[in-house]
Every structure is written in C-alpha cells, then in structure tokens.
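For reference, the structure is listed below as structure tokens.
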Amino acid sequence: MTALGILWYFLIFLLIAGYFVFDGFDLGAGVLYPFLAKTDEEKELVRHSIGPVWDGNEVWLLTAGGALFAAFAPAYATTFSGFYLAIMLVLFGLILRGVSVEYASRDRDWSKLWNACFFVGSLLPALLFGVAVGNIYAGIPMDAAGNYIGIPLLGLVTPFTLLCGLLGLAMFIVAGASWISLKAPLDSELRQRAVKFRFVGQLAAAVLFVLVSVYGHFLIHPVMEPSLVIVRFIFAILFVVALMGSIVYGRNGERDLHAFLAQAVAAVALVFLLATSMFPNLVVASAGSIGPAVTVATAASSDTALGWMTGIACVGVPLVLVYHVFAYRTFRGRLKLGDRYE
C-alpha cells in the first residue's frame, strides 16, 4: 500500500464530499419541491434557485467516478457491475431531473408532468446513494474475481442499507431546505415552510445517525484500522457539533447562510467518518463471499499513473473551485417571487 494509493483513497472521498455538499442541496430541493412550493410562483423560485448551478454541481460526481476508475479499477468494476441496476436508476433520475428543470418553465401544458419528474428524479439518487454506501460498508457477496454474486438490486436492500439510505436522504433534505431558506424572500411563506422542514430533517438526521452508528457497530462488526480511531472520533464529534450548530443557526432568525454552511460541514464530516471507518477497504466482502475485500493495496494503479493523476488534480480541482466561486458569486442573494428561470 503506497503513499499515493492512500492519498487517492482520501481524495476520492473528498470528491464525494464535494458532490454531497454541492449537488446535495439540488437533490434535497427537488425532494421537497411538492411539499414546499404550493403556487406556480414558488415552484418557479425553487427551480430558479438551482437552475444556474445544478449542472456544474454534478461535475463532482463525474470526477469521483472517473478518479475511482483510474486509481482503483477493480473497485470500480465491482461496484459498477454489482450495482448496475441501482446505478441505472440513479442515472435515470439525474437525467429526469435535468430535463424537468429545463422544461418545466417552458412547457406549461405539461407542467404537472415535469413537476412530478423533478420530484422523482431527485428522490431516486438521494435515496439510492445512501443504500449503495451502506452496501460497500457492510459488505457484498463476491466471487474470487471480485464480481458481485448476490441478487441484483433486491439483494442490496437490507435493514442497515435502508437506514443508510434514509440517513443520506435526510441529509439531502436538510441541505435542500437550508438552500431554499437561504434563497427565498425573507418574509415569504416559502421560506417559513423551508425552515420548518429543515428543523424536522435535522432531527431525523440526528436520530438516523445514532441508529446507523449503533447498528453498524454492534450488528455489522466492521474491521476498522486501529490507528484511525481518534480520527474517526473527531469526525463523529464534528458531525454532531456541525449538525447542532446548523439547528441553532436555523432557529436564530436570519442566519440562514450560517445554517447552510454548518450543514455542509456536517456532510463533509459524515463522508470522512465513512472513509476512516472503511480504510483501507474500498469494497468490503460479506461473510458469504468467496473472494476477499477490495482494498487500496490490491486495487491501486501504479505509482506512475497515480502520480500523473495527482498532477492533473492539482490543476483541475482549483479550476473547478474557481468556477464555483464565480458562479455562486454571480447568482448570490435572495430571489423574488415571480423571478423566472430561463
């Protein structure tokens, strides 16, 4: 297990954390869409709030997938072949969401259909991402070549993975509600509803985090790297503190930006808690597996390839961050009811 292999293990989780933060509020806003937005003007505002940024936010997911393929090809092969149907549903949802955002304000005759597609296209990825994470953490059955040998799709749904899916969904919902409360007019009913959903989602995320932690520790019995126990404890505490901070800021009048940022910190802490809990495993083998787990040592590409990737990342990631700074500064501030996304 080389230093570059370890570096790219955590860099991939950093990319996943970036997607969790940036596209998380997009998906959460879509899940909450039929419950928050009651009028056509409010629906237009929700779409307008994510319209200029949603496609750029997905860069993090594409980059994470590409990095996994280049850095740890066996892990990419195992997950993308074993979770094939689930991944197709996620892609279908992401495509459906993108199409619905673009067409809902242009095709008024089919607006109800596009509104429904926006909700479904957001719900599928928001739920299935967590289910997939629960599987790679708890373990999946693999043959000697690392191929998934369980029941397609249905074999991936267990009480633990469903809890993980619900935790991910709750975090997405809180991010979406935090974003809408940040973008909606300060005195609008839309913001008031978003604030209420944010608080309910935060409580649900806290409860689900406890359930997932207890279930994972006592019933899954994961094999964890002993040297990272303190780091895991720090990330767990950071998640709790950031989530509580988001609740406090959210209940304190106009501090929506602080609540949103605290929620983002909680999302990053949760991702790195997973990373440090799994290390050095990329895909855990379940008890009934013939083959071993896919680890950094067994799946990493050559140091030459990882070195080139590191150089490219040092150029590409800052450029992506510059783009995000420019985009979010351009479209900063609260929107007004009646604004249209074109």
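The values are calculated or read from the model by the stated rules, or taken from the named source; none is laboratory data. Computed from a predicted model, the values in this text were never measured in an experiment. Glycine gets a Cβ as well: all are built from the backbone with ideal geometry, and neighbour counts include every protein chain shown.
Could you check, for segment 28-39, whether at least one of its residues is free of Cβ contacts under 8 Å to residues at least 12 places away in the same chain, surrounded by fewer than 17 Cβ atoms within 10 Å (Cβ to Cβ) and within 30 Å of L257 (Cα to Cα)? Yes, segment 28-39 contains at least one residue that is free of Cβ contacts under 8 Å to residues at least 12 places away in the same chain, surrounded by fewer than 17 Cβ atoms within 10 Å (Cβ to Cβ) and within 30 Å of L257 (Cα to Cα). Across segment 113-148, the number of residues qualifying as among the β-branched types (V, I, T), over 20 Å from the mean Cα position of the chain (by Cα) and over 18 Å from N281 (Cβ atoms) comes to 0. Scanning segment 171-221 for residues that are of a type in the set (V, I, T), over 22 Å from A17 (Cα atoms) and either free of Cβ contacts under 8 Å to residues at least 40 places away in the same chain or in contact with a strand residue (DSSP E or B) (Cβ under 7 Å, 6 or more places away or on another chain) (or both) turns up V200, V214. Taken over segment 245-265, the criterion of being within 17 Å of G168 (Cα to Cα) and without any contact (Cβ under 8 Å) to a residue 40 or more places away in the chain is satisfied by A262, V265. Within the bounds of segment 115-137, is there any residue that is loosely packed, with under 14 Cβ neighbours inside 10 Å, in a helix (DSSP H, G or I) and touching a residue at least 40 places away in the same chain (Cβ under 8 Å)? There is no residue in segment 115-137 that is loosely packed, with under 14 Cβ neighbours inside 10 Å, in a helix (DSSP H, G or I) and touching a residue at least 40 places away in the same chain (Cβ under 8 Å).
Summed over segment 233-282, the residues that are at pLDDT below 90 and either assigned to a helix (DSSP H, G or I) or surrounded by 21 or more Cβ atoms within 10 Å (Cβ to Cβ) (or both) give a count of 1. Of all residues in segment 162-181, none satisfies being hydrophobic (A, V, I, L, M, F, W, C), surrounded by fewer than 24 Cβ atoms within 10 Å (Cβ to Cβ) and not in a helix (DSSP H, G or I). Scoring R108 on the criteria (1) out of contact with any helix residue (DSSP H, G or I) (no Cβ under 8 Å at 6 or more places or on another chain); (2) modelled with pLDDT of 85 or more; (3) among the basic types (K, R) leaves a single failure, condition (2). Once segment 295-326 is narrowed to residues that are within 22 Å of T78 (Cα to Cα) and of a type in the set (V, I, T), the residue that is surrounded by the fewest Cβ atoms within 10 Å (Cβ to Cβ) is T298. Under the condition of being under 26 Å from G28 (Cα atoms), modelled with pLDDT under 90 and crowded, with 17+ Cβ neighbours inside 10 Å, the residues counted in segment 60-83 number 2.
Looking across segment 88-114 at every residue that is polar (S, T, N, Q) and part of a helix (DSSP H, G or I), the one that is surrounded by the fewest Cβ atoms within 10 Å (Cβ to Cβ) is identified as S111. Is there a residue in segment 231-244 that is in contact (Cβ under 8 Å) with a residue 40 or more places away in the chain and more than 17 Å from V21 (Cα to Cα)? Scanning segment 231-244, I find at least one residue that is in contact (Cβ under 8 Å) with a residue 40 or more places away in the chain and more than 17 Å from V21 (Cα to Cα), so the answer is yes. The conditions of being farther than 28 Å from R329 by Cα and in contact with a Leu (Cβ under 9 Å, 6 or more places away or on another chain) are met by G165.
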